[in-house]
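The values are calculated or read from the model by the stated rules, or taken from the named source; none is laboratory data. Everything numeric in this text was worked out from a predicted model, so none of it was measured. Glycine gets a Cβ as well: all are built from the backbone with ideal geometry, and neighbour counts include every protein chain shown.
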Amino acid sequence: MRSSKNRSRFLILCTAPAVILYFVFMILPTLNVFRMSLFERGAYSPTETFVGMANFKVLIKDVKFITSMQNTILLIVTVTVITFFFAIVFAAILTREKIKGQNFFRIVFYIPNILSIVVIAGIFSAIYKPDTTGMLNNIFTFFAGRNIEILWKSQPMVIVSIIIAMVWQAIGYYMVMYMASMAAVPASLYESAGLDGAGRLTQFFQITLPLIWTNIRTTLTFFIISTINMAFLFVKSMVAPGMSDVGLSFMYAQKDAGLYGYSMAAGVVIFLFSFLLSALVNRVTEREVLEM
Amino acid sequence: MKKFLCLLLTLAIALSLAACGGAPQTPPAQTPPPADSGSQDTPDPAPAPAGPIKVAALSSGYETAYPGMWQEVCAAFTAETGVEVELTLEKNLEDVIGPSMQGGDYPDVVLCATGREKGLTEQFIKDKLIADITDVLTMTVPGESASVDSKLVPGFVGTNITDPYGDGKTYLAPMFYSPCGLFYNAGLFAEKGWDVPTTWDEMWELGEKAKAEDIALFTYPTTGYFDTFFPTLLYSVGGPDFFNKAMNYAEGVWDTDEAKQCFDVMSKLAGYTAKVTPAQANDQDFTQNQQLILDNKALFMPNGTWIVGEMADAPRADGFEWGMCALPGGASGTSASYCWLEQIWIPSGASNIDTGKQFIAFMYSDKAAEIFAKGGAAQPITGITDGMEGDNKMFYSIYDNGASAVMGGFAAYASVPGLGSVREVFFDPFNNLVSGSLTQDQWVDNIRTSSDTMRENLIVS
């Protein structure tokens with residue numbers, strides 16, 4: 001009796017710091033976002049006025065906000081699909097096939113992930129240079145045999161440029177994650193499948209994919225949320241303001257315009273959006289968990 | 001033993017909590033806290049050696065040209081008045097002082113101009129959080145016998161850049177100024193035997209000539225640079241009255257002939273703009289657009305005198321030589337050059353307002369001007385251009401050569417959700433005009449409707 005009381009006291013003491021910090025730095029600010037979205041104030045003004053739902057009413061009619069949310073959704077869908085496809089394929093190739101310099105590729109793919117966004121923006125400004133000295137245009141020019149000058153960071157290519165950069169940045173990290181879980185799949189399963197006459201592709205779809213499904217599910221949720229954030233960073237550091245806004249860059253711009261409440265209203269919508277999206281993704285990817 | 005362990009744990013938790021809780025409240029202040037001398041309860045209105053004042057200044061191209069410029073000026077101020085200065089000098093000033101100001105900790109003096117992307121100064125103007133510093137004009141410059149307004153070049157105070165509410169009170173003091181205009185390669189013009197156009201018709205003619213040689217007529221670093229170009233165009237086409245109406249979003253001003261002329265020039269200019277420009281018109285790549293001038297790939301770009309220092313290390317075409325000209329006058333208009341002005345101001349929440357005013361007055365002293373001049377910066381002090389040499393001498397003499405100085409910008413209006421900033425409404429769409437995804441009519445229509453809302457929300461005193 002006494003020892004269990006002591007034990008629970010010990011547990012409370014151990015978890016208290018984390019819980020308190022989480023409450024102070026995560027829960028409270030989040031609640032505050034909801035509260036502030038009902039008020040209007042400048043970022044530095046000491047006074048605020050209650051405006052009720054007015055901010056939201058304007059927000060749903062704001063063309064710029066709608067466009068930026070469309071861009072966000074486009075980025076989430078395309079970047080996720082492309083990244084996951086390549087990450088899984090590369091992971092499968094690197095774990096299952098005998099390739100020279102496996103570790104080398106692993107490192108090469110992973111490097112973009114440890115670069116800061118400013119460095120990435122710098123790299124891509126060289127890749128996307130609009131005249132023929134840009135890396136991509138140069139390659140295209142070489143193969144086409146005539147001068148090709150694609151304006152990567154201008155309309156209408158700008159969103160494609162962002163997608164390419166985001167995929168490039170994210171592949172390595174997820175590839176390494178899947179490689180780890182694929183390595184845990186026992187080789188005996190593949191051997192017996194091979195004896196039964198299953199080809200490489202069948203093995204991949206029947207064994208690898210189902211066994212790493214839990215991992216894919218979790219990373220998918222992570223990835224969607226991080227794409228919302230990363231899209232903001234890429235757009236902010238790579239392209240001209242107003243060229244292709246995403247949800248968070250819209251929110252940021254409103255703050256700079258002195259509309260703190262309005263930007264918080266946008267924040268609330270984005271928060272709920274990402275929350276619901278993650279829940280939805282979690283729901284539709286639910287499968288029976290297979291044991292190895 | 002168990003008790004001891006328990007004690008140890010609680011201690012550790014308490015410590016870690018204290019460490020974590022303490023960090024965000026106290027900003028990294030290695031310096032002693034400022035003595036609370038300037039607040040209302042001080043009996044003496046102008047304490048001579050008040051506690052250290054906090055000065056926050058934007059680290060711009062001038063500081064790059066002469067590192068240590070601000071430190072030297074602050075030291076000179078301390079030597080003159082005995083007041084210590086705590087200097088915050090950052091390239092991203094808004095990100096550094098912004099959060100602490102939201103927490104109520106204000107610098108005493110801020111050098112940060114309007115027209116920057118973060119719009120910090122604009123927000124302070126809109127919320128009326130800037131201290132009235134009209135009396136600085138009559139103050140004596142520390143260490144000298146002259147008063148501030150006797151040293152100031154006439155005309156620099158009184159526009160909506162310094163008096164944002166139009167009530168005759170000055171809130172922002174004029175600091176570094178720079179004539180803005182069209183920059184070009186004078187060497188190329190001499191080589192080809194081209195003349196710098198004085199009317200827009202000549203400009204288009206030149207555009208055709210240049211096109212034949214595969215040179216674009218126009219480029220711009222980012223759309224933000226139109227905040228000097230567009231007002232100047234309005235002025236040069238319509239004159240001062242029209243300019244003032246436009247800056248205050250007067251009713252029907254965009255339907256006038258003058259406005260029509262300006263919009264036509266803008267969209268024609270979009271047609272003559274180097275095609276790669278919009279793809280590089282962002283904060284990452286804008287120097288590449290400036291490089292187009294150095295490489296003889298484009299003829300003109302709107303810019304300011306800082307461009308010389310900014311591109312000092314960039315490769316350039318043989319025989320390159322900076323040239324700057326005013327905007328051509330319209331059919332009835334005059335040639336004009338925008339006078340870009342940085343402002344220095346005091347947040348009304350600052351604790352040492354009086355000492356802050358002294359600091360601002362000191363900015364106009366000969367000693368400060370001399371130090372700033374080393375970085376190529378010039379304040380609007382009478383006679384400042386006399387000591388200039390080289391490129392700067394040529395740039396600053398633009399007004400002596402017949403161009404009207406354009407001062408003032410679009411008037412401040414209260415932020416309205418969904419409306420957007422002046423830059424978003426007027427200038428950002430220029431990228432789309434160049435790439436062809438927006439027509440002139442769509443652009444002007446949007447300006448017309450937004451301008452109505454801006455007028456309704458004008459901030460007046």
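In table form, for the structure just shown:
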{"item": "Residue, farthest from the other protein chains (Cβ to nearest Cβ), within segment B:287-310, restricted to residues that are assigned to a helix (DSSP H, G or I) and in contact with a strand residue (DSSP E or B) (Cβ under 8 Å, 6 or more places away or on another chain)", "result": "B:Val308"}
{"item": "In segment B:109-127, the residues that are farther than 12 Å from B:Leu172 by Cα, at the interface with chain A (Cβ under 9 Å from one of its Cβ atoms) and not small (Gly, Ala, Ser)", "result": "B:Glu117, B:Lys118, B:Leu120, B:Gln123, B:Lys126, B:Asp127"}
{"item": "Residue count for segment B:402-425, restricted to those that are under 21 Å from B:Gln343 (Cβ atoms) and either out of contact with any Lys or Arg (no Cβ under 7 Å at 6 or more places or on another chain) or facing chain A (nearest Cβ under 8 Å) (or both)", "result": "12"}
{"item": "Search result, residues across segment B:166-185 that are assigned to a loop (DSSP other than H, G, I, E, B) and under 19 Å from B:Phe243 (Cβ atoms)", "result": "B:Gly166"}
{"item": "Odd one out for A:Glu40 among (1) modelled with pLDDT of 90 or more; (2) surrounded by 14 or more Cβ atoms within 10 Å (Cβ to Cβ)", "result": "(1)"}
{"item": "Conditions (1) away from chain A (no Cβ under 13 Å); (2) at pLDDT 90 or above; number of the one not met by B:Ala146", "result": "(2)"}
{"item": "Index of the failed condition, B:Val460 passing every other in (1) within 10 Å of another protein chain (Cβ to nearest Cβ); (2) under 25 Å from the mean Cα position of the chain (by Cα); (3) at pLDDT below 90", "result": "(1)"}
{"item": "Helices (runs of 4 or more DSSP H) lying entirely in segment A:46-159 (those with 1 or more residues that are touching a residue at least 40 places away in the same chain (Cβ under 8 Å))", "result": "A:54-59, A:63-96, A:102-114, A:117-127"}
{"item": "Any hit, segment A:2-9, residues being within 29 Å of the chain's Cα centre (by Cα) and either assigned to a helix (DSSP H, G or I) or closer than 24 Å to A:Leu272 by Cα (or both)", "result": "no"}
{"item": "Residue identified as β-branched (Val, Ile, Thr) and over 14 Å from the mean Cα position of the chain (by Cα) among B:Thr121, B:Thr114, B:Thr64", "result": "B:Thr64"}
{"item": "In segment B:263-286, the residues that are touching a residue at least 60 places away in the same chain (Cβ under 8 Å), assigned to a helix (DSSP H, G or I) and among the hydrophobic types (A, V, I, L, M, F, W, C)", "result": "B:Phe263, B:Val265, B:Met266, B:Ala270, B:Phe286"}
{"item": "Failed item, numbered, when B:Ser365 is tested on (1) more than 18 Å from B:Ala173 (Cβ to Cβ); (2) in contact (Cβ under 8 Å) with a residue 24 or more places away in the chain; (3) of a type in the set (Ser, Thr, Tyr); (4) more than 11 Å from every other protein chain (Cβ to nearest Cβ)", "result": "(1)"}
{"item": "Condition met for B:Phe430 (farther than 28 Å from B:Thr219 by Cβ and either outside any loop (DSSP other than H, G, I, E, B) or at pLDDT below 90 (or both))", "result": "no"}
{"item": "Some residue of segment A:230-246 being closer than 20 Å to A:Ser37 by Cα and under 17 Å from the mean Cα position of the chain (by Cα)", "result": "yes"}
{"item": "Residue that is nearest to A:Glu286 (Cα to Cα), among those in segment A:194-204 that are without any contact (Cβ under 8 Å) to a residue 12 or more places away in the chain and surrounded by 11 or more Cβ atoms within 10 Å (Cβ to Cβ)", "result": "A:Thr202"}
{"item": "B:Phe395 vs. criteria closer than 30 Å to B:Lys118 by Cβ, in a helix (DSSP H, G or I) and more than 10 Å from chain A (Cβ to nearest Cβ)", "result": "yes"}
{"item": "Boolean, B:Gly387 is surrounded by fewer than 21 Cβ atoms within 10 Å (Cβ to Cβ) and either closer than 24 Å to B:Gly181 by Cβ or away from chain A (no Cβ under 14 Å) (or both)", "result": "yes"}
{"item": "Segment B:313-343, residues that are under 24 Å from the mean Cα position of the chain (by Cα), in contact (Cβ under 8 Å) with a residue 12 or more places away in the chain and farther than 28 Å from B:Val153 by Cα", "result": "B:Ala314"}
{"item": "Any hit, segment B:242-262, residues being in the same structural domain as B:Leu188 (by TED's automatic domain parsing), touching a residue at least 24 places away in the same chain (Cβ under 8 Å) and under 19 Å from B:Val434 (Cα atoms)", "result": "yes"}
{"item": "Only one of A:Ala279, A:Ala253 that is crowded, with 22+ Cβ neighbours inside 10 Å and in a helix (DSSP H, G or I)", "result": "A:Ala253"}
{"item": "Filter pass, B:Gly271 being away from chain A (no Cβ under 14 Å) and on the phi > 0 side of the Ramachandran plot", "result": "no"}
{"item": "Verdict on A:Thr15 being loosely packed, with under 13 Cβ neighbours inside 10 Å and in contact with a strand residue (DSSP E or B) (Cβ under 9 Å, 6 or more places away or on another chain)", "result": "no"}
{"item": "Unmet criterion (only one of (1) in a loop (DSSP other than H, G, I, E, B); (2) touching a strand residue (DSSP E or B) at 6+ places or on another chain (Cβ under 8 Å)) for B:Leu188", "result": "(1)"}
{"item": "Any hit, segment A:184-201, residues being within 22 Å of the chain's Cα centre (by Cα), in a helix (DSSP H, G or I), more than 16 Å from A:Val89 (Cβ to Cβ) and among the polar types (S, T, N, Q)", "result": "no"}
{"item": "Any chance B:Pro154 is in contact (Cβ under 8 Å) with a residue 12 or more places away in the chain and either within 30 Å of B:Thr222 (Cβ to Cβ) or outside any helix (DSSP H, G or I) (or both)", "result": "no"}
{"item": "Residue, surrounded by the most Cβ atoms within 10 Å (Cβ to Cβ), within segment B:314-367, restricted to residues that are among the charged types (D, E, K, R) and under 24 Å from B:Thr232 (Cβ atoms)", "result": "B:Glu342"}
{"item": "The lone exception for B:Asp105 - which of (1) in a loop (DSSP other than H, G, I, E, B); (2) closer than 25 Å to B:Thr222 by Cα it fails", "result": "(2)"}
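Listed here are the residues, each with its yes/no results for (1) closer than 17 Å to A:Asn71 by Cα; (2) touching a strand residue (DSSP E or B) at 6+ places or on another chain (Cβ under 9 Å); (3) small (Gly, Ala, Ser).
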site	(1), (2), (3)
A:Ala183	no, no, yes
A:Ile212	no, no, no
A:Thr221	no, no, no
A:Lys236	yes, no, no
A:Ser249	yes, no, yes
A:Lys255	no, no, no
A:Leu259	no, yes, no
A:Gly267	yes, no, yes
A:Phe275	no, no, no
